[in-house]
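None of the figures in this text is laboratory data; all of them are computed from the coordinates on show. None of the values given here were measured: they were computed from a predicted structure. Note that each Cβ is placed from the backbone with ideal geometry, even for glycine, and that neighbours are counted across all protein chains shown.
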Amino acid sequence: MMNKDSKRILILSPHTDDAELGCGGTIVKLLGKRKKILWIVFSTAEESVPKNFPKNTIKNEFLEVCKKLNLGDEQYMIYNYGVRKLPDFRQEILEILVKLKKDFAPGLVIGPSLNDYHQDHLVVANEMIRAFKSSSSIISYELPWNHVTFSNQMFITLEKKHVTKKLELLSSYKSQVIKNRSYFSSEFIFGLAKTRGVQINAEYAEAFEVIRWID
Ligand SMILES: [Zn+2]
């Protein structure tokens, strides 16, 4: 078993694009600080691909994101559970995470919120806490369209270049942008980062809920 290392950060994304939307600026900032990131995606959402796109479209879009971040093959893992099917595989997901606790021993885990009402997101949030509650700091990213409430307990400050890069990463998801999802828009991404920045007198920021903080 590896010793826990605060430089190792595990990012959990129920579907491709969740982590970019929730903490894309933070990921860019952490990579700039040479943190060791391992990014797990549980579903490539084949069911959400528009009709005239190939089934592996969203997986390829995520690989494009990894390329834009210069991630090595060992820095991400992609699983192929079906959309809205993660609750059926709760135990498997827990076992994946428990294995990562041993093999990667992250100091920090960043994943979805317990206040996220998407069933797949909620499963990952719960299993994340079950797996890491006594070993790692755990924070949850914000996806405002999925929350009834969200506590802005922790902020990670961002510079304009981080937010610009976040937007560039999201532009890889052409199959989603084409659906005119407003949360992929520059106006929204900069607007939310500015809002969170204003709350802490910074230029830009991303907000997080704190589940556990261990130092
Ligand atoms: Zn999602």
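Criterion applied to Gln75, Gln119 was being touching a Pro at 6+ places or on another chain (Cβ under 7 Å) and among the polar types (S, T, N, Q), and the one residue passing it is Gln119.
Among the residues of the range 75-102, the ones that are of a type in the set (A, V, I, L, M, F, W, C), under 25 Å from Met2 (Cα atoms) and within 16 Å of the ligand (Cβ to nearest atom) come to 2 in all.
Scanning the range 104-113 for residues that are in contact with a helix residue (DSSP H, G or I) (Cβ under 9 Å, 6 or more places away or on another chain) and either without any contact (Cβ under 8 Å) to a residue 40 or more places away in the chain or of a type in the set (Gly, Ala, Ser) (or both) yields Gly111, Ser113. Taken over the range 103-122, the criterion of being more than 13 Å from the ligand (Cβ to nearest atom), of a type outside the set (Phe, Trp, Tyr) and not in a strand (DSSP E or B) is satisfied by Asp103, Ala105, Leu114, Asn115. Of the residues that sit in the range 197-215 and are in a helix (DSSP H, G or I) and not polar (S, T, N, Q), which one is surrounded by the fewest Cβ atoms within 10 Å (Cβ to Cβ)? Restricting to residues being in a helix (DSSP H, G or I) and not polar (S, T, N, Q), the top hit is Val198.
Residue by residue, here is whether (1) more than 25 Å from Ile178 (Cβ to Cβ); (2) surrounded by fewer than 20 Cβ atoms within 10 Å (Cβ to Cβ) holds:
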{"site": "Arg34", "(1), (2)": "yes, yes"}
{"site": "Ser48", "(1), (2)": "no, yes"}
{"site": "Ile93", "(1), (2)": "yes, no"}
{"site": "His121", "(1), (2)": "no, no"}
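Cβ-Cβ contacts under 7 Å between residues 6 or more apart (or on different chains), taken from a first residue in the range 114-141 that is closer than 14 Å to His15 by Cα to a second residue that is of a type in the set (Val, Ile, Thr) and within 11 Å of the ligand (Cβ to nearest atom), are listed as Asp120/Val83. If the condition is being out of contact with any helix residue (DSSP H, G or I) (no Cβ under 8 Å at 6 or more places or on another chain) and more than 16 Å from the ligand (Cβ to nearest atom), then the range 37-53 contributes Lys51, Asn52.
Table: residues versus (1) assigned to a helix (DSSP H, G or I); (2) away from the ligand (no atom under 15 Å from the Cβ); (3) closer than 14 Å to Gly25 by Cβ.
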| position | (1), (2), (3) |
| --- | --- |
| Val124 | yes, no, no |
| Met128 | yes, no, no |
| Ser135 | no, yes, no |
| Gln176 | yes, no, no |
| Lys179 | no, no, no |
